Each structure stands twice: as C-alpha cells, then as structure tokens.
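Undergrad: The following block contains the structure, expressed as structure tokens.
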Amino acid sequence: MNRFHTLFRDPDARAFIPFFTLGDPDWETSLRIIDSAVQAGADALELGFPFADPISDGPTNQKSMARALRAGSTFDSCTLLVAEVRNRFPELPISLLLYYNLLFCQEREGYRKLAEAGVDAIVISDLPMEESAYHVDCLKSNGLGCVHMVAPNTPRDRARTLFDESDAFTYVISRFGTTGADSRLSDATIEHVTRLRAVTEKPYAVGFGISHPDFVRQIWDTGANGVIVGSHFSSMIEHNPDAPEVAIEGICAFIAEVKSHSEARPVTL
Amino acid sequence: MTTASWERTFGELCYGGSYVPESLVHVLDEVQKAFLTAIDDPAFVSRLDKLHREFGGRETPTIRADNLSERWGTGLFLKREDLVHGGAHKLNSTIGQILLAEYMGKTRIISETGAGQHGVATAMTAAKFGLPTDVYMGVVDIERQHSNVRRMQLHGARVIPVSTGRGTLKDAINEAMRDWITNVGESYHCFGTAAGPFPYPSLVKHFQRVIGDEARRQMLEGHGALPTDVIACIGGGSNAIGTYTAFLDDPDVRLWAAEPAGTGLDGTNHAAALTRGSVGVFHGMKSLWLQNEDGQIAPTHSIAAGLDYPGVGPELVELMERGRLGVITVTDSEAVEAFEVLSQAEGIIPAFESAHALAATWKLAKEDRDRTMLMCLSGRGDKDLESYWKLSEGNDE
Ligand SMILES: Cc1ncc(COP(=O)(O)O)c(C=O)c1O
C-alpha cells in the first residue's frame, strides 16, 4: 500500500512536503536536515537526486545539486540515504524527484533498488507522458507510484488525463519558469491552482516558487492537498555553510509555523 | 521545396523523441503545427526562398579543390557554405526558424551558441526581422570566439555569459532552455543544431537540407557524377544531416562523420559522442551522450567550439548504427594542420569545425585514392584566427 494513499485518504488533507536535494551539503548533514524536518512535522518528503545539468532548476537548486555532487553523491549513495530515512520513519510517504537520465541509465534494476530502499512514488521533471511508457512499466512492476506533472499551460483535457494516470498524487507546477523562491505569490498562480480543483478530485501537491508560510496556507486554501517548498530551504543551507544547525533551525521553524496553519482549517464552500 | 520528412523517433531504439518538462510540451506542439502549416504555405515558401537568395547569398557553389586533389591524387570537392552570409551554414536554419517565429507571432528570440556562428546567424536574421534576441554563450566560448560576440552585439543581440559547467555549448543550451521554460508565451527558441526535442531535429534538417540538395545537383551538373564519399563535421549534426539527406537514397555514396577527438579519446578531453557515447536522455532527446556510469553528462573538449558538445542529433545515431554512416575521429592538432593546409593550398581559411571534416577527408584520401569526395565546408575561419595565432605563438616558444 502506497503511503501517499494513506496520507491523502482524507480529501481535506493539508500536507506539507519539504523538498531536499539528497546529499546537500554532504551525506551526514543531509540526513540530519531531513530527520529534523520530519521531526518538526513534515507530512511527507520530496527528495531530489542531484544532476549536474538540471534544466528545470533555478540557481538555488543548481547550487544545491552542485554541492551534493561535490560531496561525492552518486545514485547509490542517494539510495542509501533514502533507505536510512525510511528506516527511521517507517510510515512516512517518500517521493523522489529526478531527471530522467539518472534513472534511465540504471535500467530496471534502478527501480528495484529504489523500491527496496522504501520509496513510495517518483516524479521525473523532464519526462512527459508521451515518452513515459517504459518508465511507467518499471514503476508498476516495482510497486512504485507514478507522479505526473501538470503545468500552467497544460490544456484541461490533458490535465485530466495526467491526474487520472498519476498514482500517489500529481505534482502541479505553480507557474512558468524554473524552481526558485519567489518573493510573492502571483494571482495567476492562485487562479491556476484553483481552477485545477474543478478538474479532479484526486490529490495533488503544488510546488515551485513557494517561500513563505502564508503562501503555503493560501495554496492550501485553494483546495490543494499538498504544498512543496524546496528552493527556500536550499538557500538556507547555502547561506549557512559552516553552521548547518542554523539552517536546520530555520527549516524547522518554517515547518512548525506552517503546521500551526494546517490545523486551522477554514470553512470553505 | 520538398516537403518535410517528419519523424518523431529514429530506429528501433527510438532515438530522438521529446523529453521535456511539461511546460514545454504544449509549446513544442505549437512549433510543430506551425511548421507543418508554414511549409505548405506558398507565401512562406516563397519568402524563405527570397531570403535564401537575397539575404543568405544562395546558392553557394560546389568547387573542385584542384591543388589538394592533385596533391592527394583524388577528387576533392568543397560545398562552400563558408560563403553563406555570416560565414557558416547556420544562416540556412536561422532564416527558416525566425521566419517561422514571425509566422507564429512570436516577439522575442532565444538562442544559444558555441562557436558563435549560430549566434551571429540568429542575431543578423533577427535584426532583419526586427526581433529582440538573447543569445546564451559559455564563458569559455566567449573568450575563444570573441569576434563573434562583438558581431552579435553589433546586430543588437544581447549576449548572456554562462559560467556553469565548463562554460561551453552544453551549458549555454541549459540556460536557453531555462529561459524558454520561463518565457513560453512570447519567445521562440531558435535552436542551433539538428538535435534537441522533437520537432527540432526534423525542423532544422528541413531547413539545412538545401546544402545537400544543391551539392548533389551541382556534382551531377559540374562533374557528371555523384561523389563516392560525402564528409561533414559533427557538432550536433546540422551541417551533416543537411548535407547527407540528399544522398540517403544513393546506396553507392558513402557518408562520413568527422568527430572531434580533442586531445585524444582517452579521458574527457574530447567530444566524440558517436564513437564514445552511450545511450542517454538529455536536452530533450534520447541519443548517444558522453556521460559517466551514473548518467551525469561528461565535460567535453574540442578546439572547435562548435563541436564541443557531449551529444549528437538522433538521426545520425540511427544512420551510424545501421551502417549507413561511417565515423572518423580527428584530434585538435590534426584539425589545425588541415586548417593550415586548406589556407595554403586553396586560399580558403576554414572554420576549426570544418577543418575537422577536411582532416577526415585527408585520412580517406590516404586510405584509398580512387575516390571522388564531397566535403561540406561548413564555415569560414576568420573567427578562429585569434585562437590560431595564440596557438602558433605558443608552439614557437
Ligand atoms: C562552421 C561550423 N561548422 C559546424 C558546426 C557544428 O554544428 P552542426 O553539427 O550543427 O553543423 C558549427 C557550430 O557552431 C560551425 O560554426
């Protein structure tokens, strides 16, 4: 049973899902950061494998991935890190975000390793539905959930198909552009994610650009089931190279604040 | 104008395809539809033709290189794409693509460049169309192709330096794609080679096949026979597929790819993706990539900035794997020697890229004299003079 199904069994679930690059800034510190985030109340995790040429990522996550690679991250070391997180949190839903080449070159065996490490679902940032037959087959045969992405310019019918074909949840990209923390939440984003609620009843999480606890709450208020915050945390790691505990404190404070909102469900409709 | 040959993937292993973030799916669909409409639209076709003649200076001649033919004891013919406006074949594609961008109502052009030739061709074409242009270029390439940076700027383009990775073509393409993902509505990505996500490999081929179409006719008219061998250098593969396409149905014409071996094929100081690459998915396509066992794209090197790229267009991979295309690797120093040879023997300074093709041609001539060889001289070498002089000063010391 995919752990995301349990998380999203309640259609009103308001999940907070932090994103971290595995191995940033190094294996041990990365584990400490992830562990603390879960202790602070993260409902699930989105974990990225570092890729040296991440075309969907802005400067912050590019640097995060570069740090992880400089520290010696490989497919196997990242998988080991996931397995350790799983070991510590047996019930936690864990999804991975990868660039396709990292998985493609592992062939079927790579999917098996990830399933064995305790991964629940996988999203690929550069693999549209049209090219995903082999990938989906590998996921299915290993009991891994498939997460498709929906973009602001995805036509409505296509979005419906992507929601239907997603297992676990669907990843909704909040806006055009690469990953990176924005200083505000645009009206276009709110409109776009609100419109999607009418397209599907299946669970989806919204990510890209979200950098403030208030934005998280506003996105939840549109009816989204989950919100993903990544670059904002990566930049905390970036700005505290010699004091990871400061980054950890900031990340945990953010999560604690967000979780205090998640209890206060507004009366909608 | 022939209608497009239109394939999403090539061969049984399905090289090519369209491996892009979801936000680009709709955009690529739009490009494909507009392209198919445009090339059947007589108004588009006649404007393209006029631009080729009046702006591009087509057609370009195919000449017999008499001195080298005599020296090597073979027939050597050069398709003179160095004479295209701007100094390289790249303009064939930028004319077509920017005309298409205008046709689609796009108001801004994004591009990337390695040698600067595609950037220059984009900048000069966009200037003619009055479209603002941003060209991404690696810092290493900005350094070694500085005159082209200035040319782009003179045409009004903004050249944006890219310092990630090794600061070369791959990194510039990364940034151009990030820009495109961000500005999907108004921008057209004028892609520099016959690679990337569908429909670009087919679209760029369509606009570049004029090279081979002309050359084949010129060989028949001027020489009375087809060549036995056709040679082109490989960056992403646009001048190559543009040259080969007309000859694909001539089974007696052998096709050859000149790949950059840099300082040697061991290690990562080369960019020989056909020879040393493995199957991977990057920059929107499944193809052969220079990469490590973990799927991280490898750093590359070639003295020719336009060949300094870890991948190769998908159709060329398919042609190679089914034995239709032979591959010859050429080191930096062999290319520089060929650069000097052509300058001295024929009075033509080739681009470092094209010098790779000549070095490969030379190897074929040594192997077997009984050949009639047609080589695509993809560009002129003025842009490489600074690097060449620096290199020869270094050697004199
Ligand atoms: C003169 C010249 N020839 C060849 C190339 C290689 O590109 P392609 O393989 O797309 O023809 C370049 C690229 O910049 C170039 O400038």
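FYI, it's all coordinate maths here, none of it is from the lab. Predicted model only: the values in this text are computed from it and were never measured. As a convention, Cβ positions derive from the backbone with ideal geometry for all residues, glycine included, and neighbour counts pool all protein chains shown.
Undergrad: What is the fewest-to-most order of A:Lys140, B:Lys170 by other Cβ atoms lying within 10 Å of their Cβ?
TA: Ascending Cβ contact count within 10 Å gives the list A:Lys140, B:Lys170.
Undergrad: Between segment B:108-146 and segment B:270-329, what's the alpha-carbon centroid distance in Å?
TA: That distance is 23 Å.
Undergrad: Ok, one more. Excluding residues fewer than 8 places away in the same chain, name every one of the lysines whose C-alpha is closer than 19 Å to that of B:Lys128.
TA: Candidates past the 8-residue exclusion: B:Lys50, B:Lys90, B:Lys106.
Undergrad: Related question: List A:Asp157, A:Asp126, B:Asp384, A:Asp43 from most exposed to least, where exposure is judged by having the fewest other Cβ atoms within 10 Å.
TA: A:Asp157, A:Asp43, A:Asp126, B:Asp384
Undergrad: So which trypsin sites (Lys or Arg not before Pro) in segment A:1-76 are both in a DSSP loop and have at most 16 other Cβ atoms within 10 Å of their Cβ?
TA: A:Arg9
Undergrad: Continuing with this model, one more query. How many angstrom separate the Cα center of segment A:203-235 from the Cα center of segment B:187-241?
TA: Using only Cα atoms, the two centres lie 47 Å from each other.
Undergrad: Go ahead and estimate [θ] at 222 nm for chain B from helices alone: -39,500 (n - 2.57) per DSSP H run with n ≥ 4, summed, over the residue count, rounded to 500.
TA: Calculated mean residue ellipticity at 222 nm is -13000 deg cm²/dmol.
Undergrad: Projected area of segment B:239-383, taken from the Cα convex hull and averaged over every viewing direction, in nm²?
TA: 9.1 nm²
Undergrad: Also, quick follow-up: Any idea what the relative contact order of segment A:3-259 is, in percent, if you count C-alpha pairs under 8 Å spaced at least 6 apart?
TA: Rounded, it is 23 percent for segment A:3-259.
Undergrad: Counting helices only, and only those DSSP H runs with n ≥ 4, report the 222 nm mean residue ellipticity of chain A as the sum of -39,500 (n - 2.57) divided by its residues, in deg cm²/dmol to the nearest 500.
TA: -14500 deg cm²/dmol
Undergrad: Using the number of other C-beta atoms within 10 angstrom as an exposure proxy, rank A:Cys105, A:Cys138, B:Cys14, B:Cys190 with the fewest first.
TA: B:Cys14, A:Cys105, A:Cys138, B:Cys190
Undergrad: On to the next question. Using the crude model of +1 on Lys and Arg Cβ and -1 on Asp and Glu Cβ, and no other charge, please compute the dipole size for segment A:3-259 relative to its Cα centre, in debye to 20.
TA: For segment A:3-259, the charge dipole is close to 360 debye.
Undergrad: What whole-number distance in Å separates the alpha-carbon centres of segment A:61-99 and segment A:126-197?
TA: So the two Cα centres are separated by 21 Å.
Undergrad: In whole Å, what are the Cα extents of segment A:1-101 along the three principal axes, biggest one first?
TA: Ordered largest first, segment A:1-101 gives principal extents of 40, 27, 23 Å.
Undergrad: Taking the Cα centre as origin and putting +1 on Lys and Arg beta-carbons and -1 on Asp and Glu beta-carbons, what dipole magnitude results for the protein assembly as shown, to the nearest 20 debye?
TA: With Lys and Arg at +1 and Asp and Glu at -1, about 1160 debye.
Undergrad: Next up: Check the straight Cα-Cα distances from B:Lys366 and name the lysines below 23 Å, setting aside those fewer than 8 residues away within the same chain.
TA: Reachable lysines: B:Lys79.
Undergrad: Which ³J(HN,Hα) values in Hz, rounded to whole numbers, follow from the phi angles of segment A:11-17 under the Karplus curve 6.51 cos²θ - 1.76 cosθ + 1.60, where θ = phi - 60° and Gly and Pro get x?
TA: Per-residue couplings from phi come out as x, 8, 4, 10, 8, 10, 10 Hz.
Undergrad: Within segment A:3-259, how many Lys pairs sit with Cα atoms under 27 Å apart, leaving out pairs fewer than 8 places apart on the same chain?
TA: Total qualifying Lys-Lys pairs in segment A:3-259 comes to 4.
Undergrad: Determine the shielding of peptide B:287-296 by partner chains: average, over its residues, the number of Cβ atoms on other chains within 10 angstrom of each Cβ.
TA: 5
Undergrad: Hey, what did segment B:293-381 get for relative contact order, percent, Cα under 8 Å, at least 6 apart?
TA: 24 percent
Undergrad: Next question, about the same structure. Under 8 Å for C-alpha pairs, at least 6 residues apart: give me the relative contact order for chain B, rounded to a whole percent.
TA: This gives 20 percent for chain B.
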